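Colleague: Let me give you the structure first, and then I'll get to my questions.
The values are calculated or read from the model by the stated rules, or taken from the named source; none is laboratory data. Because the structure is predicted, anything quoted here is derived from the model rather than measured. Virtual Cβ from ideal backbone geometry, glycine too; neighbours counted across all protein chains shown.
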Amino acid sequence: MRSSHAKRLERTPSMDTQTTSKSAGLIRRIGALFYDWILVVALWFVETAALLPFTQGEALPEHGFGHWAHQALLALTALGFFVYFWRRNGQTLGMRAWRLFVVDEAGHTPSLNNLLRRALWAALSWGLAGLGVLAMYIDPQRRALQDRMSGTRLIVGRLK
C-alpha cells in the first residue's frame, strides 16, 4: 500500500512534463484565478455567516478587535485555500479547469515554504495592478514575479 505522499507525487507533473509543457500565459492565469476567487469568496460568505450569531445582529466596529480578527480570518482562509490545493496536487480547482500546475524548478511539488512565498508574492503581484504578473513578458522564461521570488513555475500540462 502506498503512502499519501507517494500518491501525491504520482499525480504531480514530472520533470518530463515540465520540459514538454509551456509556461502559463496571462489569459490562463486570469481564468484560473477568477474561478478560484469565486470559491474563496463563497468560503468567506460561509465564515461570515457563521460569525453573525456572535455579533448579535450588529456590524462589527470598523476599527475594533473584532473587525481586525475577521479581516485576518478572511486573509488566512484565502492563503490556506491556495497553499492547501497547491501542496495537495499542484493545482487549485480553478487551475484544474485550465490545466495549470505549480511546480518547483525541478518539476516536483514545491515545498510548503516555497508555496507560502508564492502566495504572498502573488498577492503583491496582482495587487499592484498586475504589474508583477505582466513581468512575465520581459522574463526570458516567462515567469511572473511570484514565480521568480518563490522558486516555482506555473505550467500548462496534463497528468500522465
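Colleague: Is it the case, given these coordinates, that V156 is of a type in the set (V, I, T) and closer than 29 Å to V46 by Cβ?
Modeller: Taking the combined requirement at face value, the residue does not satisfy it.
Colleague: Can I ask one more? Taking A69, is it among the hydrophobic types (A, V, I, L, M, F, W, C) and over 25 Å from K22 (Cα atoms)?
Modeller: yes
Colleague: Another one. Just name the residue that is surrounded by the most Cβ atoms within 10 Å (Cβ to Cβ) out of those in the range 1-40 that are modelled with pLDDT of 50 or more and small (G, A, S).
Modeller: Looking at the filtered set, the residue picked out is A24.
Colleague: Being touching a residue at least 12 places away in the same chain (Cβ under 8 Å), more than 18 Å from the chain's Cα centre (by Cα) and under 22 Å from G157 (Cα atoms) is true for just one of A97, A106, A32. Which residue is that?
Modeller: A106
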